[in-house]
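Enquirer: Sending over a structure as structure tokens; questions will come in a sec.
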Amino acid sequence: MDISVFGLGYVGAVSLACLAKEGHNVTGVDIDSTKLALLQAGKSPVIETGMPELVQEVAASGRVKLTGSTQEAIAQTQLSFVCVGTPSQPNGNQDQSAVVRLTEQLGEALKLKNDRHTIVFRSTLVPGTVMNTLIPILEKFSKKTNGVDFDVCFQPEFLREGSSIKDYYKPPFTVAGLSSNEPKAVFEQLFSSLPAEIIYTDIATAETMKYFCNIFHALKITFANEVARLCESIQVDPHAVMELICKDRQLNISSAYMKPGFSFGGSCLPKDLRAINYIAKQNDVDIPMLKAVLPSNRVHLDCALQKIAQSGLKKIGFIGLSFKTGTDDLRESPLVDLAEKLIGKGYTLKIYDPEVNISTLIGANKHFIETSIPHIGSLMTADYENLLSTSEIIVVGISDPDLVATLIKSSRKEQIILDLVNIKGRDGLSASYIGICWK
Ligand SMILES: NC(=O)c1ccc[n+]([C@@H]2O[C@H](COP(=O)([O-])OP(=O)(O)OC[C@H]3O[C@@H](n4cnc5c(N)ncnc54)[C@H](O)[C@@H]3O)[C@@H](O)[C@H]2O)c1
């Protein structure tokens with residue numbers, strides 16, 4: 001293919017070299033004439049393992065051209081990768097001046113081109129940038145239409161400096177955010193030989209997931225370092241601890257606990273967080289991230305409260321009371337907390353939880369309900385159908401498929417369903433639907 005790469009920093013230079021190595025004709029564009037001259041001379045503009053040899057090889061192949069002209073690069077290629085920098089402004093916001101200026105020039109160049117062209121933004125861009133800012137700029141300056149005269153995609157880049165050539169050939173996956181289906185063929189042609197799944201999604205999802213990949217990496221490093229600071233204060237080897245933690249691929253290094261839903265609770269997580277934070281306090285160890293976990297969990301519970309308050313409805317039915325589906329354990333259940341707050345604010349509640357009902361009958365939870373939450377125990381009902389028919393707003397706190405199926409069948413359009421657990425099949429609901437933090 002004939003490909004242009006705009007911005008020849010770490011991402012652009014590595015992409016240019018790897019694409020040329022794969023046999024494509026690649027035109028590199030940068031406003032920095034030093035970078036153009038270095039590449040022209042077969043030298044890498046970035047310090048990166050393997051780049052000196054690779055750049056020398058591809059420069060000698062004759063497949064690499066360099067120019068400072070956006071128009072020339074667009075005219076000579078069918079596909080462009082945009083890899084210009086997107087640094088921070090002093091206030092933390094993303095500085096998009098380079099990508100905006102370049103996009104204006106790309107629009108002007110597209111105006112002069114008759115063939116359909118694909119533009120793939122690879123710079124990290126805050127969610128919404130491509131659809132709300134860059135596509136309108138391209139359409140304005142080209143006087144053409146996205147999806148008709150040209151196509152725009154966003155493909156997050158996952159390479160790491162220091163191992164970027166290796167990462168180019170073995171990415172975790174290829175994510176392509178599309179605004180039209182046309183460029184799928186291009187992605188297949190360019191990336192299907194890599195040992196990585198190609199996943200198509202919308203552009204905002206691709207922009208957002210790139211941010212949260214980086215933030216997750218930052219969070220993991222901070223977690224390991226906070227664990228280590230605490231370990232040092234109690235004379236435990238943090239390397240041994242972290243190694244063991246990472247050996248658990250079922251619960252720790254896995255997708256477990258990585259699904260948006262309601263606040264956590266139960267008999268272990270809150271109390272253990274409190275104990276570790278207490279030890280940190282005793283030993284004068286600062287672990288701000290771990291200290292913020294319980295307050296953040298509380299903020300999440302408040303979101304549910306706010307959504308209920310915003311509905312203006314007063315008769316509430318709870319499906320579930322225990323801290324997670326399939327258990328009768330009510331200790332530190334966030335649903336108990338939510339119910340208590342609502343009772344305090346004068347809402348009328350009915351609560352149905354099959355596991356808790358059974359344990360109340362056989363006595364397992366009887367003592368806890370009678371002594372710790374008698375005001376809630378008295379609101380529990382065994383008549384699920386009655387709860388569904390008499391509640392104005394139904395809070396789904398457990399994801400039992402049979403209960404959800406009955407809810408879907410019996411819901412009425414004047415009711416509101418507040419979903420805390422991401423119920424399946426909700427398209428079948430007659431009631432209005434709100435997720436705790438999704439639409
Ligand atoms: N560096 C990484 O490891 C990495 C990894 C993944 C994603 N990213 C993202 O990729 C983007 C690029 O990162 P980088 O580290 O390669 O940046 P960089 O600063 O090393 O390079 C950016 C290049 O863009 C050039 N440029 C600026 N305006 C231009 C224009 N109008 N036309 C042509 N070239 C122009 C600059 O001269 C510079 O050479 C950023 O959004 C970054 O967040 C970087």
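Enquirer: Amide H of residue 433 versus every other amide H placed in the peptide plane: which residues, excluding those fewer than 5 positions away on the same chain, fall under 5 Å?
Expert: Answer set, sorted by chain and number: 417.
Enquirer: Any chance you could check the Cα centroid distance between the stretch 342-359 and the stretch 42-78 for me, in angstrom?
Expert: 66
Enquirer: Okay, moving on. Which percent, to the nearest 5, of DSSP beta bridges fully inside the stretch 2-206 are antiparallel?
Expert: In the stretch 2-206, approximately 10 percent of DSSP beta bridges are antiparallel ones.
Enquirer: Among the chymotrypsin sites (Phe, Trp or Tyr not before Pro) within the stretch 6-114, which fall in a DSSP loop and have no more than 12 other Cβ atoms within 10 Å of their own Cβ?
Expert: Hits after loop and neighbour filter: nothing returned.
Enquirer: Next question, about the same structure. Can you tell me which of 150-160, 24-34 comes out highest on packing, and rank the rest after it, using the mean Cβ neighbours within 10 Å?
Expert: Descending packing order for the listed peptides: 150-160, 24-34.
Enquirer: Please compute one quarter of the surface area of the Cα convex hull for the stretch 2-206 and express it in square nanometres.
Expert: 10.6
Enquirer: Counting DSSP beta bridges in the chain, what percent are antiparallel, to the nearest 5?
Expert: About 5 percent, rounded to the nearest 5.
Enquirer: What does the helix-only formula give at 222 nm for the chain: each DSSP H stretch with n ≥ 4 adding -39500 (n - 2.57), the total divided by the residues, and the result rounded to the nearest 500 deg cm²/dmol?
Expert: One gets -13500 deg cm²/dmol as the mean residue ellipticity at 222 nm.
Enquirer: Only four residue types carry charge here, +1 at the Cβ of Lys and Arg and -1 at the Cβ of Asp and Glu. Report the dipole size of the stretch 296-435 about the Cα centre in Debye, rounded to the nearest 20.
Expert: In debye, rounded to 20, the stretch 296-435 gives about 420.
Enquirer: Right, next: If you line up the Cα atoms of the stretch 296-435 on their principal axes, what length do they span on each, largest first, in Å?
Expert: 39, 30, 26
Enquirer: What is the distance in Å between the Cα centroid of the stretch 264-320 and that of the stretch 369-407?
Expert: 22
Enquirer: Here's another thing I want to ask about it. Tally Lys/Arg at +1 and Asp/Glu at -1 over every other residue whose Cβ is under 14 Å from the Cβ of residue 165; what's the total?
Expert: -3
Enquirer: What does the charge add up to near residue 404, with Lys and Arg as +1, Asp and Glu as -1, over the other residues with Cβ less than 9 Å from its Cβ?
Expert: Charge balance in the 9 Å sphere: 0.
Enquirer: A further question on this structure: State the answer as a single residue: which of 110, 150, 123 lies farthest towards the positive end of the charge dipole of the stretch 109-171, with beta carbon charges of +1 for Lys and Arg and -1 for Asp and Glu, about the Cα centre.
Expert: The listed residue farthest towards the positive side: 110.
Enquirer: Per residue, how many Å² of accessible area does the stretch 2-206 show with a 1.4 Å probe?
Expert: Per residue, the stretch 2-206 has 45 Å² of solvent-accessible surface.
Enquirer: Given H placed 1.01 Å from N in the peptide plane, which residues other than close sequence neighbours of residue 28 have an amide H under 5 Å from its amide H?
Expert: 5, 65, 66, 67
Enquirer: Using the per-residue mean of other Cβ atoms lying within 10 Å as a proxy for protection, in what order, highest first, do the peptides 347-353, 135-141, 421-427 fall?
Expert: Peptide ranking by packing, descending: 347-353, 135-141, 421-427.
Enquirer: log₁₀ I(q)/I(0) of the chain at q = 0.13 Å⁻¹, via Debye over equal Cα point scatterers, no solvent, to two decimals?
Expert: -1.11
Enquirer: Around residue 198, what is the net charge, scoring Lys/Arg as +1 and Asp/Glu as -1 over all other residues with Cβ under 9 Å from its Cβ?
Expert: Spelling it out: positives minus negatives among the neighbours equals -1.
Enquirer: Helix 334-344 sits at what angle to the longest principal axis of the chain, using alpha carbons and giving 0 to 90 degrees rounded to 10?
Expert: Between the helix axis and the principal axis of the chain, the angle is about 60 degrees.
The values are calculated or read from the model by the stated rules, or taken from the named source; none is laboratory data. The structure presented is a predicted model; accordingly, all values stated were derived computationally and were not measured. Every residue, glycine among them, receives a Cβ derived from its backbone with ideal geometry; neighbour counts consider all protein chains shown. Side chains are part of the model used for accessible areas, which takes the heavy atoms of the whole protein and leaves out ligands, DNA and RNA. Shrake-Rupley method; radii C 1.70, N 1.55, O 1.52, S 1.80 Å.
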